[in-house]
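For reference, the structure discussed in these notes is given below.
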Amino acid sequence: MSPDKKATLFLVATPIGNLSEASPRSVEVLKSVDVIACEDTRNSKKLLSHFDIHTRMITYHNFNERESSKGILSLLEKGEDVALISDAGYPLISDPGYLLVQEVIKAGFAIVTVSGPNAGLNALVASGLPTGHYLFYGFLNAKASQDEKELAALKDFPYTLIFYEAPHRIEKTLKLALKVLGDRRACLARELTKLHEEYHRDTLSKLCELHDLKGEMVLIIEGQNEEKEVSLEVLLKEVKEEIKAGMRSKEAISTVAKKYDVSKNSLYEEYLKQKEDKQDEGE
Ligand code: SAM
């Protein structure tokens, strides 16, 4: 291994609002590397001057990732350590850096991550929605009808969904989510770690009643069927209601089985069993 292969790319997470959330290690790394690659030097300057960091900065852009990656690779080749940061949170998470990481791995340099805040996880853990399994989706495609297609592809996903959204699109996205996913539980988390941090925990239909939402926000939506398993009692009650409303028993069973995606035959057996039990009891 040549000596220049010793250079390291550090992926450093930075605060998503509250500057006190920069970890001591992140500050140490940003002070010690030769170069900091950031999205926008004006934004990163605030963080760096707050912590008295004077490391040389270069820009790493989403729109010319290939060119930017080449520049960073040549620094690593020269033996210079580079830290990649974004405007907030983790680089690469709805932020540039993926291409760079691929190239750096290919070139054989070390990559080290420095942990820190992430808007999606902050919102998820406070949302009150299941955290056992989740999907981080990030931004939906803003192009007309593309967002609807993307949501439709997630309709049957059984785990909690995490979306990033811009304030000028949130009302449209909430309405679309209600239309495509149905009226699920959700949480809109705003201005995380900042002075006006707030959480709206409600159903999508209720969240659609919110207006003039400002600031940065994350939308968490419960997955399909989570905590929604229906009991046999509820299924049979619905069958009876359909029969009462005029359906024949077989039709009622098939309708309810389809609605809750359960086996028609099993539901029919249970229905007959209950009917027999009731007859035995003399009902
Ligand atoms: N890399 C970041 C991360 O790790 O969370 C995400 C960057 S992405 C370009 C910006 C989006 O993240 C915002 O539009 C918003 O959806 C979310 N976000 C960032 N900071 C936030 C905050 N303080 N409160 C709520 N959402 C935030």
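Looking for whichever is buried (at least 17 other Cβ atoms within 10 Å of the Cβ), more than 16 Å from the ligand (Cβ to nearest atom), within 30 Å of the chain's Cα centre (by Cα) and assigned to a helix (DSSP H, G or I) here; the options are L178, L236. Which one fits? Spell out the reasoning first.
Working: L236 fails: within 30 Å of the chain's Cα centre (by Cα).
The unique qualifying residue is L178.
Can you find even one residue in the stretch 53-65 that is at pLDDT 95 or above and under 23 Å from the mean Cα position of the chain (by Cα)?
no
Scan the stretch 125-137 residue by residue and report those that are aliphatic (A, V, I, L, M), surrounded by fewer than 18 Cβ atoms within 10 Å (Cβ to Cβ) and more than 10 Å from the chain's Cα centre (by Cα).
Scanning the stretch 125-137 gives V125, A126.
List the residue pairs whose Cβ atoms are under 9 Å apart, where the first residue sits in the stretch 171-182 and is at positive phi, the second is crowded, with 19+ Cβ neighbours inside 10 Å, and the two are 6 or more positions apart or on different chains.
Pairs that qualify, where the first residue is at positive phi and the partner is crowded, with 19+ Cβ neighbours inside 10 Å, are G182/L204.
Only one of N43, N122 is over 23 Å from the mean Cα position of the chain (by Cα), surrounded by fewer than 20 Cβ atoms within 10 Å (Cβ to Cβ), in contact (Cβ under 8 Å) with a residue 12 or more places away in the chain and within 16 Å of the ligand (Cβ to nearest atom). Can you tell me which? Talk me through it step by step, then tell me what you get.
On the way: N122 fails: over 23 Å from the mean Cα position of the chain (by Cα).
Exactly one of N43, N122 is over 23 Å from the mean Cα position of the chain (by Cα), surrounded by fewer than 20 Cβ atoms within 10 Å (Cβ to Cβ), in contact (Cβ under 8 Å) with a residue 12 or more places away in the chain and within 16 Å of the ligand (Cβ to nearest atom), namely N43.
Within the stretch 97-112, which residues are buried (at least 22 other Cβ atoms within 10 Å of the Cβ) and within 16 Å of the ligand (Cβ to nearest atom)?
Answer for the stretch 97-112, where residues must be buried (at least 22 other Cβ atoms within 10 Å of the Cβ) and within 16 Å of the ligand (Cβ to nearest atom): G97, L100.
Residue under question is D212, and the condition is that it be part of a loop (DSSP other than H, G, I, E, B), assigned by TED's automatic domain parsing to the domain that holds L129 and under 38 Å from the mean Cα position of the chain (by Cα); does it hold?
Spelling it out, D212 is indeed part of a loop (DSSP other than H, G, I, E, B), assigned by TED's automatic domain parsing to the domain that holds L129 and under 38 Å from the mean Cα position of the chain (by Cα).
Please specify each residue of the stretch 181-199 satisfying the condition of being crowded, with 16+ Cβ neighbours inside 10 Å, under 20 Å from Y134 (Cα atoms) and in contact with a helix residue (DSSP H, G or I) (Cβ under 7 Å, 6 or more places away or on another chain).
Answer for the stretch 181-199, where residues must be crowded, with 16+ Cβ neighbours inside 10 Å, under 20 Å from Y134 (Cα atoms) and in contact with a helix residue (DSSP H, G or I) (Cβ under 7 Å, 6 or more places away or on another chain): L181, R184, A186, C187, L188, A189, L192, Y199.
Taking the residues in the stretch 138-147 that are outside any loop (DSSP other than H, G, I, E, B) and more than 11 Å from the ligand (Cβ to nearest atom) as candidates, determine which candidate is surrounded by the most Cβ atoms within 10 Å (Cβ to Cβ).
Here is the first cut: in the stretch 138-147, the ones outside any loop (DSSP other than H, G, I, E, B) are 138-139, 146-147.
Applying the additional criterion that residues be more than 11 Å from the ligand (Cβ to nearest atom) yields 146-147.
Working: Q146: 11, D147: 20.
The extreme case among them is D147.
Residues of the stretch 200-214 being more than 16 Å from the ligand (Cβ to nearest atom) and loosely packed, with under 12 Cβ neighbours inside 10 Å, which ones?
Residues satisfying the conditions are E209, H211, D212.
Among the residues of the stretch 33-54, what is the count of those that are within 14 Å of L76 (Cα to Cα) and part of a helix (DSSP H, G or I)? Spell out how you get there, then give the answer.
Restricting attention to the stretch 33-54, the residues satisfying the condition of being within 14 Å of L76 (Cα to Cα) are 33-37.
Now drop any that are not part of a helix (DSSP H, G or I), which leaves none.
Selection size over the stretch 33-54: 0.
Taking G128 as meeting all but one of (1) within 23 Å of K6 (Cα to Cα); (2) more than 16 Å from the ligand (Cβ to nearest atom), write down the number of the exception.
Of (1) within 23 Å of K6 (Cα to Cα); (2) more than 16 Å from the ligand (Cβ to nearest atom), only one is false for G128: (1).
From the list L73, L30, L9, exactly one residue is out of contact with any Ser or Thr (no Cβ under 8 Å at 6 or more places or on another chain), buried (at least 21 other Cβ atoms within 10 Å of the Cβ) and either modelled with pLDDT of 95 or more or outside any loop (DSSP other than H, G, I, E, B) (or both). Which is it?
None of the others qualify; the one that does is L9.
Just to be sure before I move on: is A252 surrounded by 13 or more Cβ atoms within 10 Å (Cβ to Cβ) and not assigned by TED's automatic domain parsing to the domain that holds G182 in the structure I sent?
yes
Taking the options E191, E165, E171, E198, name whichever one is outside the structural domain of L19 (by TED's automatic domain parsing), closer than 21 Å to L92 by Cα, charged (D, E, K, R) and more than 12 Å from the chain's Cα centre (by Cα).
Unique residue meeting the criteria: E191.
The values are calculated or read from the model by the stated rules, or taken from the named source; none is laboratory data. Nothing here was measured: the structure is a model prediction, and the numbers come from that model. Methodologically, a virtual Cβ is constructed for each residue, glycine included, from the backbone with ideal geometry; neighbour enumeration extends over all protein chains shown.
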